[in-house]
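Inspection log for the structure reproduced underneath, given as structure tokens.
Nothing in this text is a laboratory measurement; each read-out follows from the coordinates by a stated rule. Computed from a prediction, not measured in an experiment: that's the story for all the values here. Reconstructed Cβ throughout: ideal geometry from the backbone, glycine too, with neighbour counts over all protein chains shown.
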């Protein structure tokens, strides 16, 4: 596995004065994602589980359509070493439509209105099918269940985590990354490559805020619950309610905010 942390000499400043010593920092490098030979996107990520990240990103963005992934490899046009393992090629044997290059997912600075954002998703994603109500106590326990496995955060304090849980509280996969979107894409990519999507009977835990993009990725993957250690935005809540996605935020032990459903 690629190096994910790097030890650098830093200075700690506190009430006791200044001390020099090694500090473990999270590695951040660009990853270029190609689909059937066409450049799709570049994202800054923590190296590791790159194939899952690329697959999850393609799935969340809807660029695969009904096509299946037939192969994933580094570079695809030359040596992986020559590109420092920072280029991943996703192949569908030409079955996916030729994508338009993009910088990444829709963000709050894209200038798109909320109703249009939800409408665009609704055109390609069906409302989640009916599912049994989630046990709120179990959902509230997900952050504490995930915490012991967040090794990169324990070492650096700067990584985000995402994890998929069953209704019995079993953690199926956890991924960490400097980008919270990347962490979710890695989880989704893991499930996609394992042919475990849609994740209708699974809950997605995220360590960061529940933004519109997080709800988009959860909905696209078919999760029926999204649990966030932080809060949600007005657009993310509206999107979760439209999708009929159970959404829980500000989880602190037995305290939380239930954004969706409302009834």
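The distance from the alpha carbon centre of segment 38-66 to that of segment 175-233 is 14 Å, rounded to a whole number.
Give me the log10 of I(q) over I(0) for segment 114-263 at q = 0.11, 0.16 Å⁻¹, as the Debye formula computes it from C-alpha points; what are the numbers? Normalising to I(0) and taking log10 leaves -0.36, -0.78.
Look at the alpha carbon pairs under 8 Å that are at least 6 residues apart: their mean separation over the length of segment 115-206 gives a relative contact order of 27 percent.
A value for Cα extents along the principal axes in Å was derived from the coordinates, and within the list (i) 80, 40, 39; (ii) 92, 45, 24; (iii) 56, 50, 38 it appears as (iii). The relative contact order of the chain, computed from alpha carbon pairs under 8 Å that lie at least 6 residues apart in sequence, is 17 percent. Taking label points 7 Å from Cα along the Cα-to-Cβ direction, residue 135 and residue 15 give a separation of 4.3 nm.
Semi-axes of the equivalent ellipsoid for segment 175-263, computed as √(5λ) from the eigenvalues of its C-alpha gyration tensor and ordered from largest down, come to 20, 15, 11 Å. Computed per residue of the chain from DSSP H runs no shorter than four, each worth -39500 (n - 2.57), the mean residue ellipticity at 222 nm is -8500 deg cm²/dmol.
Oblate is the label for segment 137-196, because the ratio a/c of its alpha-carbon gyration tensor axes (a ≥ b ≥ c) is 1.5 or higher and a/b is not greater than b/c. Computed on segment 136-260, with alpha-carbon pairs under 8 angstrom and 6+ residues apart, the relative contact order is 22 percent.
Here the extension length gained between residue 100 and residue 144 equals 11.8 nm, from 0.36 nm per residue of separation less the Cα-Cα distance. If I take R0 = 25 Å and measure r between the Cβ atoms of residue 25 and residue 85 in this structure, what FRET efficiency does the formula 1/(1 + (r/R0)^6) give, to the nearest 0.05? The value I calculate is 0.85.
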